[in-house]
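A.B. asks: Before anything else, here's the structure in question.
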Amino acid sequence: MLISHAVRHDALHVTLHRDLDVTNRAAAALQIQALVQEHRPVRVVIVVPAADPSPATLSALARAHRMCAGLGVPLTLSGASDRTRRLLDANSA
């Protein structure tokens, strides 16, 4: 299982259970996209497996961030370092 999720108080909480690699990053991004489309949350919180996740994990997070931004849904990271948050913001612009 790559991810799990819960919906609490109009927020979609997604947990990545491990760092992604090139073989599973697209699958994780598509799962997150499907969850957002299904639940139509007010906001999305993604719990990352490491403060500084792998490049493949960052890629999937950037894709989810762009998709959420396009829908007007704020996405935040839990467990990520400030450096990771800055990288995500820079890659999603």
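The values are calculated or read from the model by the stated rules, or taken from the named source; none is laboratory data. Bear in mind the structure is a predicted one, so any value in this text is a computation, not a measurement. Ideal geometry is used to build each Cβ from the backbone, glycine not excepted, and the neighbour counts take in all protein chains shown. Areas reflect the complete protein model, heavy atoms only, side chains present, ligands, DNA and RNA absent. Shrake-Rupley method; radii C 1.70, N 1.55, O 1.52, S 1.80 Å.
A.B. asks: When both residues are 6+ apart or on different chains and their Cβ atoms are under 7 Å apart, which pairs have a first residue that lies in the range 37-58 and is within 17 Å of D82 (Cβ to Cβ) and free of Cβ contacts under 8 Å to residues at least 40 places away in the same chain, and a second that is in a loop (DSSP other than H, G, I, E, B) and polar (S, T, N, Q)?
C.D. replies: Close Cβ pairs satisfying both conditions: A51/S81; D52/S81.
A.B. asks: Tally the residues that are of a type outside the set (D, E, K, R) and at positive phi, restricting the search to the range 35-93.
C.D. replies: Matching residues across the range 35-93 total 2.
A.B. asks: Could I ask something else about it? Looking at the range 1-25 only, could you name the residues that are in a loop (DSSP other than H, G, I, E, B) and open to solvent by 40 Å² or more (accessible area, probe 1.4 Å)?
C.D. replies: If the condition is that a residue be in a loop (DSSP other than H, G, I, E, B) and open to solvent by 40 Å² or more (accessible area, probe 1.4 Å), then M1, H9, D10, H17, R18, D19, D21, V22, T23 are the ones that fit.
A.B. asks: Right, here's the next one. Here's a check for you: in the range 51-74, which residue that is closer than 21 Å to V7 by Cβ and not in a helix (DSSP H, G or I) is farthest from the chain's Cα centre (by Cα)?
C.D. replies: Result: G72.
A.B. asks: Please determine, by comparing only the residues of the range 26-50 that are open to solvent by less than 50 Å² (accessible area, probe 1.4 Å) and in a loop (DSSP other than H, G, I, E, B), which one is nearest to L12 (Cα to Cα).
C.D. replies: Only one residue tops the list, namely P41.
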